[in-house]
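Have a look at the structure below before the remarks.
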Amino acid sequence: MTFSYCQHRHSKPDLRSPALEIKGLDVAYANDEKIALAAINLNIPAGTSIALVGPNGAGKSTLFKAISGLLPIRSGSIKVFGHSLGACHQRVVYLPQRSEIDWQFPMSVLELVTTGRYVYLGWFARPSQKDIQTARHSLNEMGVLDLANRQISKLSGGQQQRVLIARALTQNADLLLLDEPLNAVDAATRQTVADVLGKIKAQGKTVIVATHYYDQEEGRYDGAIFLKDGHQVK
Ligand code: ADP
Ligand code: MG
């Protein structure tokens with residue numbers, strides 16, 4: 001299948017190309033003199049799971065947003081599976097921090113999770129039954145299918161996190177950028193998230209997880225990126 005806005009066929013990840021290759025990346029926010037990320041170099045092989053570690057303000061979310069094409073880059077380059085940014089943006093999914101979502105927006109859990117399919121739909125196209133089935137499958141995988149018809153304003157913190165991960169799974173991307181999925185969630189949700197990360201990896205996908213809990217989770221990852229004040233450390 002070829003997508004109108006994507007010149008490349010949607011295919012399995014090319015395992016010869018790294019999932020992510022970043023060279024000399026600088027990012028600054030508009031109207032801000034300060035560089036939010038400076039001289040970042042990364043080479044993440046496909047199929048690995050990587051922790052992104054650093055204190056608040058280190059630049060973790062900024063890095064994820066730059067990789068997903070949400071921020072202009074000041075200099076340097078980012079390649080995803082060997083392609084320039086935007087060439088096949090459906091292969092990357094960014095799961096924002098829970099706090100960045102407007103949870104008062106009037107929509108149901110199923111509607112929110114189905115938006116994970118929008119990258120595959122043309123302008124004005126409505127999700128198909130198959131898209132909705134995919135969304136329901138992801139909700140089931142996160143153990144929250146029973147919440148499908150609930151308004152998103154009526155979710156607990158742990159439920160919000162499960163629903164956001166279900167939305168990310170629904171896109172079926174090859175590179176997942178998860179922004180603090182374990183922050184302030186209950187033990188059961190942490191376990192579900194850990195199980196799902198294991199499954200994603202078993203499918204050959206690449207995952208980068210921004211986390212504050214690296215000390216306790218180290219064994220779960222193949223490697224780690226350490227950031228401080230917008231710079232790579234270690
Ligand atoms: P982290 O996710 O590691 O907590 P962020 O990427 O959110 O860090 O922030 C990195 C730096 O960029 C911080 O100095 C922060 O103040 C700045 N920053 C983040 N978002 C914005 C924004 N929208 N406008 C201006 N500066 C920002
Ligand atoms: Mg952040």
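The values are calculated or read from the model by the stated rules, or taken from the named source; none is laboratory data. As the structure is a prediction and not an experimental result, all values here were calculated from the model. Note: ideal-geometry Cβ built from the backbone for every residue, glycine included; neighbour counts use all protein chains shown. Accessible surface areas use protein heavy atoms only, side chains included; no ligands, DNA or RNA. Shrake-Rupley method; radii C 1.70, N 1.55, O 1.52, S 1.80 Å.
Checked against (1) part of a loop (DSSP other than H, G, I, E, B); (2) open to solvent by less than 60 Å² (accessible area, probe 1.4 Å); (3) of a type outside the set (A, V, I, L, M), residue 189 meets all criteria but (1). Taking into account only those residues within region 213-232 that are open to solvent by 60 Å² or more (accessible area, probe 1.4 Å) and not acidic (Asp, Glu), which is nearest to residue 42 (Cα to Cα)? Result: 232. Filtering region 56-85 to residues that are open to solvent by 60 Å² or more (accessible area, probe 1.4 Å) and either small (Gly, Ala, Ser) or farther than 24 Å from residue 168 by Cβ (or both) leaves 57, 74, 84.
What are the residues in region 56-81 that are of a type outside the set (A, V, I, L, M, F, W, C) and within 9 Å of ligand 2 (Cβ to nearest atom), if any? 56, 57, 59, 60, 61, 62, listed by residue number. Each residue in region 46-90 was checked for being in contact with a Leu (Cβ under 7 Å, 6 or more places away or on another chain), more than 16 Å from residue 207 (Cα to Cα) and of a type in the set (Lys, Arg), and 0 pass. In summary, residue 46 fulfils each of the numbered conditions (1) among the aliphatic types (A, V, I, L, M); (2) assigned to a loop (DSSP other than H, G, I, E, B); (3) within 13 Å of ligand 1 (Cβ to nearest atom); (4) closer than 18 Å to residue 20 by Cα with the single exception of condition (3). Against the list (1) in contact with a Pro (Cβ under 6 Å, 6 or more places away or on another chain); (2) closer than 19 Å to residue 88 by Cα, the condition residue 176 fails is (1). In region 97-111, the qualifying residues are those that are modelled with pLDDT under 95 and either of a type in the set (S, T, N, Q) or open to solvent by less than 30 Å² (accessible area, probe 1.4 Å) (or both), and the one that is farthest from residue 208 (Cα to Cα) is 99. Summed over region 42-55, residues that are surrounded by fewer than 16 Cβ atoms within 10 Å (Cβ to Cβ) and away from ligand 2 (no atom under 16 Å from the Cβ) total 2. Of the residues 210, 173, 184, 202, only one is open to solvent by less than 10 Å² (accessible area, probe 1.4 Å) and either within 16 Å of ligand 1 (Cβ to nearest atom) or without any contact (Cβ under 8 Å) to a residue 40 or more places away in the chain (or both); which? Result: 210 is the single residue among 210, 173, 184, 202 that is open to solvent by less than 10 Å² (accessible area, probe 1.4 Å) and either within 16 Å of ligand 1 (Cβ to nearest atom) or without any contact (Cβ under 8 Å) to a residue 40 or more places away in the chain (or both). Only one entry of 94, 120 meets the criterion of being surrounded by 16 or more Cβ atoms within 10 Å (Cβ to Cβ), of a type in the set (Ser, Thr, Tyr) and under 30 Å from residue 217 (Cα atoms), and that entry is 94.
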